[in-house]
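Undergrad: Before we start, here is the structure in question, set down as C-alpha cells.
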Amino acid sequence: MYDILILAAEEKHNPVVPQIAEVILGLIAFLLLFFVIKKFVSPRFEALYAERTAKIEGGIEKAEQAQAEAQRTLEQYKEQLAEARAEAARIRDDARAEGLQIIEELREQAQAESARIVAQGQHQLDAQRAQIIAELRADLGRTAVELASKVVGESLEDEARRRGTVDRFLNELDAVAAPANK
C-alpha cells in the first residue's frame, strides 16, 4: 500500500510543467554554455569567418587584377599587331616604289646605252662613209683623169691640175646629187 500512496502522491504533480529546481538547473547550465560559447567558440568562429572572407575577397581582387592585366596585355598585343601590319604595308609600299625606281633607272640606263650604241654606230657609219667617199673620190679621180686625158687628149699628169679637175668634177657631181637626195 505504501506503493500506491507514493504513486498517488506523484500523480498530483503535472508532468507538463517543469519543477522549479529543474528550471534553475537548466538556466544555470544554459548560462554556463552561453558563456563558454561567447568567450571561446564565437571568437574562434568569427576569426575563421574573417579569415575566410579575406581570402575570398583577396582571391576576387587577384582575379580582377589578373583580368585587368590580361586586358592590358591584349590591348598591347592588338596595338603591336596593328603597328606590325602598318609597318608591313609601309615596307611593301617602299619595296614597290623602290622596284619601280630600279625599273625606271634600268630603263633609263638601257635607253642611254642604246643611244650610246646608236651614236657609236652612227659615228662608225659616218667614219666608214667618209673613208669610202675618200676612197671612191681617189678611185673616181684616177678614173676621171684617165678618161679625161683620153677625151681631152692632153696629159693630166700634173698633180695640181689633176686635183683641181677632180675636185671640180666631184663638186659638180655633189651638186647634181644633192637635189636628188632631197
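The values are calculated or read from the model by the stated rules, or taken from the named source; none is laboratory data. Being a predicted model, the structure only gives us computed values, none of them experimental. Cβ placement follows ideal geometry from the backbone for every residue including glycine, while neighbour counts extend to all protein chains displayed. Side chains included, ligands, DNA and RNA excluded: accessible areas come from the protein's heavy atoms. Shrake-Rupley method; radii C 1.70, N 1.55, O 1.52, S 1.80 Å.
Undergrad: Testing the spin-label approximation: label points 7 Å from Cα along Cα→Cβ at residue 38 and residue 90. State their distance in nm.
TA: Using points 7 Å along Cα→Cβ, the separation is 7.6 nm.
Undergrad: Over region 16-181, with a single point scatterer placed on each C-alpha, what log10 of the ratio I(q)/I(0) does the Debye formula yield at q = 0.09, 0.19 1/Å?
TA: Values, matching the q order: -0.77, -1.21.
Undergrad: While we're here: Solvent-accessible area per residue for region 16-181 at a 1.4 Å probe radius, Å²? Present the calculation step by step, with values, prior to reporting the outcome.
TA: On the way: 14330 Å² over 166 residues.
For region 16-181, the per-residue accessible area is 86 Å².
Undergrad: Another question, then. Within region 11-88, what whole-number % of the accessible surface is contributed by carbon and sulfur, with the 1.4 Å probe and all protein chains included in the calculation? Present the calculation step by step, with values, prior to reporting the outcome.
TA: Details: 4800 of 7380 Å².
Carbon with sulfur: 65 percent of the solvent-accessible area.
Undergrad: Still on this structure, I have one more. Please give the FRET efficiency for residue 169 paired with residue 132, using the beta carbon to beta carbon distance and R0 = 22 Å, rounded to the nearest 0.05.
TA: Values: r = 18 Å, r/R0 = 0.81.
About 0.80, to the nearest 0.05.
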